[in-house]
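Shown next, in structure tokens, is the structure this report addresses.
The values are calculated or read from the model by the stated rules, or taken from the named source; none is laboratory data. Here the structure is a predicted model, which is why all the values come from computation and not from measurement. Using ideal geometry, Cβ is built from the backbone for each residue, glycine included, and neighbour counts are taken over all protein chains shown. The area values use the complete protein model at the heavy-atom level, side chains included, leaving out ligands, DNA and RNA. Shrake-Rupley method; radii C 1.70, N 1.55, O 1.52, S 1.80 Å.
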2 protein chains.
Amino acid sequence: MAARDQQSAEERLIARYFRPLATHPGAFGLTDDAAILTPPPGCDLVLTTDGVIAGVHFFADDPPDTIGRKALRMNLSDLAAKGARPLGFLMSAALPAGIEEQWLPAFAAGLGADAERYQCPLLGGDTDRTPGPTSISIAALGAVPQGKMVRRAAAKAGDYVVVTGTIGDAALGVLLRREIGLGDRLRLDASMREHLRQRYLLPQPRNALAEAVLQHASAAIDVSDGLAGDLAKLCRASGVAAEIDVARVPLSDAARAALAADPTLIEKVLTGGDDYEIVLTLPPERLASLRAAAARAAVAVSEIGRIVSGDAARFVHDGKELKFDRPSFSHF
Amino acid sequence: MAARDQQSAEERLIARYFRPLATHPGAFGLTDDAAILTPPPGCDLVLTTDGVIAGVHFFADDPPDTIGRKALRMNLSDLAAKGARPLGFLMSAALPAGIEEQWLPAFAAGLGADAERYQCPLLGGDTDRTPGPTSISIAALGAVPQGKMVRRAAAKAGDYVVVTGTIGDAALGVLLRREIGLGDRLRLDASMREHLRQRYLLPQPRNALAEAVLQHASAAIDVSDGLAGDLAKLCRASGVAAEIDVARVPLSDAARAALAADPTLIEKVLTGGDDYEIVLTLPPERLASLRAAAARAAVAVSEIGRIVSGDAARFVHDGKELKFDRPSFSHF
């Protein structure tokens, strides 16, 4: 057999769609068993893994170019919250039969655009046929100066609580997608609906703020399972409590309009998840420096409350504490 | 809410089953967004990812303690073939509803036993509910001295071709599992059937030989998609050909008995995959040193042929070249 004929369909698929994303020299064009990465001197590696499954994290008919980008951005958001800069990623893709020609070119193109945008190249991967739903799992590597990763565990009483961007948009976007007629009932105009849709389709991880998080935050967590639940995790890890002024939680115009029409949606906004924002704590004297860095990075930041002694995250709205049925998104 | 009540079911599941595996201090007991790993000085990181899906890589009713071990060992085998020592792994687990109580304790116990055995601790993970089959994806990290990873790409004409262990057992084990009555037709005794079954259930990655591979091999590849296809990949990457004497390919007693009963099974043996052995090339003057190191590591090694100029891997049996319909396992 000639060498070309010996190539399997799997090798050809990888060469066609994924090799262009493997721009790192240590990826060897995806033609070896493994990749190599020479760690940046004086740095710790920061490692995270997150993935998406059709019907769970995205709708099977979502635009294919957004699927890989969403999976990568979920991981980039974890790196940003830890103050790390991206180094690269590994991807494991489980694909149902027949998906190649329609779906893969757009999927790979979207993923490649983000790999370049966030300077986070594909280092290696694994492609399998699955009898189940499309499933994309990513493991991302980042770097921080040795010993400097921003933990969940070091928030102190007296710290401010700050959150990036806006909260609740993606959860409302999923709701609009699921409940036909909801957009009309909430009296949302077309641009508001599109804003919420885009926010669940394509997270905007705050990697531009990672350096400032590293410089200023005492603790931080990526908001992926809902602000209430993720802040509770940070509080548990730090052995502190938080008091959050719900009126100061940053909302988009669309989320504000939805809440005006149905105030009970506040629970969905605070617990729905898929935000991919950062919630961080920092000593009061650091707030001005963080604000200045955030302005330079063009990332909105909002001070929403304080860390206090205790062991819970309390959300106070019009003088009353909100009680949530389910403070955090959970798969189980 | 008290802190404990705020924990989600997902957090409790992770704490119960997976935290015991996260023995590396940089895993923070799986209570942060990310793990840290301080790279060993003077080393390159070696990165690989591989996974298993129920109904594709394992049978849904395979013993649960073998599933995670198999997924981890597939990755350990890649590290071994590259001459790398394991540092740790990330795991992404997609689990169908209702799997927890029956399946997870044994799954986690098996995975934990191997993490300890191979000194490859869990660094982080992601657990999702899936409407599809159970799916476990692992990304493993290893280390080699800088610039020393054993590539597929440096085999030279004149090198010997050496393979570890025995070839074809797992593929025959799957066949026995799929075809009722085959064991009787092949006249395999109970211990032979059990040997072949164990070989597909639980790979035996050759990490004990990794240091010797690093010292002596000019090129190497993990045999996971079949000896014929994987050797062809090594030849393509190196721009050489191989001539393999099929009579010297190492076989277990069980595989030998199966081939005696049905000689056409030779194609399955050489192309079926799931071997998780290493095929490596090395200059003739290195063979004695490799054999000595392999004896010390208690890993069998067999010289099966030579690298020659050309561009294909040829398997010669009784003076005739074998032609394979499908030289390599491929998902696509």
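For this structure, a couple of remarks:
- Total accessible area lost when A and B pair, probe 1.4 Å, Å² to nearest 100: 6400 Å²
- Scalar couplings 3J(HN,Hα) for the stretch B:299-306, obtained by applying the Karplus form with A = 6.51, B = -1.76, C = 1.60 to θ = phi - 60°, are 10, 6, 10, 10, 7, 10, x, 10 Hz; x denotes Gly and Pro.
- DSSP bridge orientation in the protein assembly as shown - percent antiparallel, rounded to nearest 5: 80 percent
- Rounded to 10°, Cα long-axis angle of helix A:287-297 versus longest principal axis of chain A: 40 degrees
- Nearest-ten-degree value, helix A:190-201 long axis tilted from longest Cα axis of chain A: 60 degrees
- The Cα atoms of the stretch A:1-143 cover 48, 40, 23 Å along the three principal axes, with the biggest extent listed first.
- Projecting the Cα atoms of A:Val56, A:Gly26, A:Ala143 onto the charge dipole of the stretch A:10-151, computed from C-beta unit charges around the Cα centre, puts A:Ala143 farthest toward the positive end.
- Taking the Cα centre of the stretch B:7-145 as origin and assigning +1 to Lys and Arg Cβ atoms and -1 to Asp and Glu Cβ atoms, the resulting dipole is close to 340 debye.
- Position A:Ser309: other-copy label points at 8.2 nm, ordered by increasing distance, label point 7 Å along Cα→C-beta.
- Chain B: angle of helix B:227-238 to the longest principal axis, Cα-based, in degrees nearest 10: 90 degrees
- Taking the axis that rotates chain A onto chain B, the chain A residue nearest to it by Cβ, with the distance rounded to whole Å, is A:Gly132, 1.
- Here the mean projected area of the convex hull built on the C-alpha positions of chain B is 18.4 nm².
- Accessible surface, chain B, averaged per residue in Å² (probe 1.4 Å): 37 Å²
- Using the Cβ-Cβ distance between A:Ala109 and A:Gln215 with R0 set to 35 Å, the FRET efficiency works out to roughly 0.50.
- When each of A:Lys233/A:Lys323; B:Lys82/B:Lys233; A:Lys70/B:Lys233; A:Lys70/A:Lys323 is checked by Cα-Cα distance, pairs over 21 Å: A:Lys70/B:Lys233; A:Lys70/A:Lys323
- Using a probe radius of 1.4 angstrom, the carbon and sulfur fraction of the accessible surface of the protein assembly as shown is 50%.
- Here A:Ala260 and A:Asp61 are evaluated by their C-beta separation; at R0 = 30 Å the FRET efficiency comes out at 0.45.
- Each residue of the stretch A:50-58 was assigned a 3J(HN,Hα) from its phi angle through the Karplus expression (A = 6.51, B = -1.76, C = 1.60, θ = phi - 60°), giving 7, x, 10, 10, 4, x, 10, 9, 8 Hz with x at Gly and Pro.
- Choice from B:Cys235, B:Cys120, B:Cys43 showing the highest fluctuation, given a GNM over chain B with Cα pairs closer than 10 Å: B:Cys43
- Classified by the C-alpha gyration tensor, the protein assembly as shown has a prolate form. Its axis ratio a/c, with a ≥ b ≥ c, is 1.5 or above, and a/b is larger than b/c.
- Residue with peak Gaussian network fluctuation, chain A [Cα springs, cutoff 10 Å], from A:Glu277, A:Glu194, A:Glu179: A:Glu179
- The calculated FRET efficiency for the pair B:Ala292 and B:Arg185, based on their C-beta separation and a Förster distance of 30 Å, comes to about 0.10.
- Alpha-carbon spread of the stretch B:234-275, three principal axes, descending order, Å: 37, 20, 17
- Distant-in-sequence amide contacts of A:Ile99, defined by a placed amide H-H separation under 5 Å and a gap of 5 or more residues or a different chain, comprise nothing.
- Among beta bridges from DSSP that stay inside chain B, the antiparallel ones total about 75%.
- Distances in nm from A:Ile99 to the matching label points in the other copies, shortest first (labels 7 Å along Cα to Cβ): 1.6
- For the stretch B:254-266, 3J(HN,Hα) per residue [Karplus equation, 6.51 cos²θ - 1.76 cosθ + 1.60, θ = phi - 60°, Hz, x = Gly/Pro]: 5, 5, 4, 5, 4, 5, 5, 7, 8, x, 5, 5, 4
- Per-copy distances of the B:Ala15 label point, shortest first, in nm (7 angstrom along Cα→Cβ): 5.1
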